[in-house]
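First comes the structure, then the notes that go with it.
The values are calculated or read from the model by the stated rules, or taken from the named source; none is laboratory data. The model shown is predicted, which means the values in this text are computed figures rather than measured ones. Neighbour counts run over all protein chains shown; Cβ positions are idealised from the backbone, glycine included. Ligands, DNA and RNA are stripped out before the accessible areas are found, and what is left, the full protein with its side chains, is counted by its heavy atoms. Shrake-Rupley method; radii C 1.70, N 1.55, O 1.52, S 1.80 Å.
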Amino acid sequence: MLNTIILDTETAQKDGNACEIASAWVYMQDGALKRSDLHCERFNPMQPMHFGALATHHITPDMLKDCPPHTQYHLPENVRLIIGHNVDFDMQVLQRTGAKIDGIYTICTLALSRHLWPELDSHSLSAMTYFTSPDFATARESIRNAHSAAADVLMTFDLLCAIVAKSKVQTMQDLYRLSETARTPTKMHFGKHKGVALYELPEQYVQWLLSQDSTDKYLRAALENRNQT
């Protein structure tokens, strides 16, 4: 069994330092998910708070002035697997704290949502909460505190339960393998060619994507494989 947490971060800037990090241990037994109590910490991001970030999470600088610097964050001991919605963003935030993330595996519920429910018009965490909740009132209550790290961990756990039910996986290892499959795109999820199958992309655009250092490794691998087939 992999030692697994669901984790979410809030930051001071779009690609900035952490001002809040929440996590909860999660376990799978006989295909059913269980989680531990939440652990949530706030930190001084050691950089100015941008208004876009402030409008998202409503954590104001005065709330953080007596908090420890974000570089004092420590992952729970013995974590082997981290689950998050757009988990790569959170891993980059953890890297900026100095946390040791080498050798940690990841599962992305955003990629899994796109893979399992491709027909939906949005796969944001709030949209998926509305989609997977038993009714809109329950979803609205869950989303009321969306974009606080603690609330997002709870919503991610509920989404993960729906993903497990839909996919019928029985172990974290199987869920990880499914996530890796889901993270290898077959169509574009952004930009001017959003929704276009990779094999239909203009060759010039493919070459441009491959030349960009910022191109996601899963997209890069899929594009390179496209050129080999």
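The distance from the alpha carbon centre of the stretch 140-167 to that of the stretch 177-199 is 23 Å, rounded to a whole number. Counting protein heavy atoms only, the chain has 50 percent of its accessible area on carbon and sulfur, 1.4 angstrom probe. Residues within the reach of a label modelled at residue 220 (point 7 angstrom out along Cα to beta-carbon, backbone nitrogen below 16 Å), restricted to the stretch 91-127, are 92. Solvent-accessible area of residue 135, all protein chains in place: 70 Å² (probe radius 1.4 Å, heavy atoms, ligands and nucleic acids excluded). Of the trypsin sites (Lys or Arg not before Pro) found in the stretch 133-188, those in coil by DSSP whose Cβ has at most 16 other Cβ atoms within 10 Å are 144, 168.
Spin-label model, residue 34/residue 137: points 7 Å from Cα along the beta carbon direction are separated by 3.1 nm. Based on Cα contacts under 8 Å between residues 6+ apart, the stretch 99-159 shows a relative contact order of 29 percent. Working from Cα pairs under 8 Å separated by at least six residues, relative contact order for the stretch 83-229 is 20 percent.
For the stretch 1-152, relative contact order (Cα pairs under 8 Å, six or more residues apart, normalised by length) works out to 25 percent. Under conditions of 37 °C and 0.692 mPa s, the chain yields 175 µm² s⁻¹ as its translational diffusion coefficient, taking Rh as the Kirkwood radius over Cα pairs in the Stokes-Einstein equation. Simple spin-label estimate for residue 203 and residue 55 gives 4.3 nm between the two label positions (7 Å along the Cα-to-Cβ direction from each Cα).
For the chain, report the accessible area per residue in Å² (1.4 Å probe, heavy atoms, rounded to an integer). Each step should come with its number before you reach the end.
Working: 12500 Å² over 229 residues.
About 55 Å² of surface per residue is accessible.
Spin-label pair residue 3-residue 66: with each label point 7 Å from Cα along the Cα-Cβ axis, the two points sit 3.3 nm from one another. When you filter the chymotrypsin sites (Phe, Trp or Tyr not before Pro) in the stretch 182-228 for DSSP loop state and at most 12 other Cβ atoms inside 10 Å of their Cβ, you are left with 190. Exposure here means at most 13 other Cβ atoms within 10 Å; with GluC sites (Glu not before Pro) in a DSSP loop as sites, the longest stretch of the chain lacking them is 120-229.
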